[in-house]
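All remarks here apply to the structure that follows.
The values are calculated or read from the model by the stated rules, or taken from the named source; none is laboratory data. Treat the numbers as computed from the prediction; the structure is a model and nothing was measured. For neighbour counting, all protein chains shown are included, and Cβ atoms are generated from backbone atoms with ideal geometry for every residue, glycine included. Only protein heavy atoms, including side chains, enter the accessible area calculation; ligands, DNA and RNA are left aside. Shrake-Rupley method; radii C 1.70, N 1.55, O 1.52, S 1.80 Å.
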Amino acid sequence: MEQTLSLLEGHRSIRRYADEPVTAEQLDRILGSAQMASSSSHMQAYSVIGITDPQLRERLAELAGGQRHVREAPVFLVWCADLSRFAEAAGMHGAELQTSTEYFLVATVDAALAAQNAAIAAEAQGLGIVYIGGIRNDMRAVSELLELPPLVYPVFGMCIGVPAEEPDRRPRLPRTAVYAENRYPAGSRREGLEAYDREYREYIRGRSGGGRDTTWTQEMSGRTAYPPRTFTGLLREQGFRLED
Ligand SMILES: Cc1cc2nc3c(=O)[nH]c(=O)nc-3n(C[C@H](O)[C@H](O)[C@H](O)COP(=O)(O)O)c2cc1C
């Protein structure tokens, strides 16, 4: 038990990898663990694509905003939400697939749960991982490159490899900020956020050797001030119905 909990509590994203392969056995355990994740109504509404072609990897690294670790990681997986199997299953039984925002969410959550199981299975084998949301910078280009059929979209990528760095754990919000009993907590969170900002500032200063001086609320307010990536148009073109 202690080993499992320490593994979970010791997570950090790894972005530098040793020049060592991830073995076929390791990858098999990673994918096997991913497949055992819980899944809404047992729909298993995801697919995962391993990118072994170096040119394709290079292109994905560029599309993800030039992230070096995407190019360098021994393994790079693209986790996709996938409703395409249900169109096929429906056709096999003379039925019609009804999609909706609910199924979009089901598929996205299924992909995330499978991926997080994979992440833990990788870490349990001494490997390091980092998720890559950057592949959604240009979802259309990624979908074309991977020849994704209708009713499939790329949710995020994941780099996996033997760690060649040992970053500190990134401090999390105080427990009181994320957990409450029976009802959502009333009132301002300002005090908790300010306390967290102080801790986070120390972490960032340490991690950057003093070069960066920022707080969590500062980072978040900067991030959320910009319009996020937009892709509902592409999702609709891909056959996802984002209505009830
Ligand atoms: C869905 C998702 C997308 C992410 N995308 C990226 C990414 O594109 N590049 C990157 O370097 N890290 C990415 N991350 C890693 C986060 O930055 C990281 O998990 C977070 O800062 C917490 O740090 P930790 O994982 O080291 O504890 C992503 C994480 C998640 C869950």
Among GLN55, GLN35, GLN44, which one moves the most in a GNM of the chain with springs linking Cα atoms closer than 10 Å?
GLN55
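Mind checking the stretch 95-187 for chymotrypsin sites (Phe, Trp or Tyr not before Pro) that DSSP puts in a loop (not H, G, I, E or B) and that have at most 13 other Cβ atoms within 10 Å? Please report the intermediate quantities before stating the final value.
On the way: sites: TYR103, PHE104, TYR131, PHE156, TYR179; in loops: TYR179.
Passing both the DSSP loop test and the Cβ count: TYR179.
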Counting only other residues whose beta carbon sits under 15 Å from that of GLN44, what net charge do I get with K and R as +1, D and E as -1?
-2
Give the angle, between 0 and 90 degrees and rounded to the nearest 10, that separates the Cα long axis of helix 101-124 from the longest principal axis of the Cα atoms of the chain.
60
Quick check: the angle from helix 54-63's long axis to the longest principal axis of the chain, C-alpha only, nearest 10 degrees?
60
For the chain, modelled as a GNM with alpha-carbon contacts under 10 angstrom, which of MET92, MET43, MET139 fluctuates the most?
MET92
What is the spin-label model distance, in nm, from MET220 to HIS42 if the labels are put 7 Å beyond Cα along the C-beta direction?
3.9
Pop a pseudo-label 7 angstrom from the Cα along the beta-carbon direction at both GLU181 and ALA141 and give the gap in nm to one decimal.
5.2
With a point put 7 Å past each Cα toward its Cβ, work out how far ARG212 is from GLU194 in nm, to one decimal.
2.5
In nanometres, the difference between 0.36 nm per residue of separation and the alpha-carbon distance of ARG68 and HIS11 is 18.4 nm
Mind giving me the FRET efficiency for ARG201 and MET1? R0 is 25 Å, r the Cβ-Cβ distance, nearest 0.05 is fine.
0.15
Tilt, helix 190-207 to longest principal axis of the chain (alpha-carbon atoms), in degrees rounded to tens, equals 90
What GluC sites (Glu not before Pro) in the stretch 1-100 are in a loop by DSSP, with at most 16 other Cβ atoms within 10 Å of the Cβ?
GLU96
Centre separation in Å (Cα based) which lies between the stretch 171-244 and the stretch 1-76
24
So with the 1.4 Å probe, I'd like the accessible area per residue for the chain, rounded to whole Å².
60
Quantify, in whole percent, the carbon and sulfur part of the accessible surface of the stretch 1-146 (1.4 Å probe; protein heavy atoms only).
51
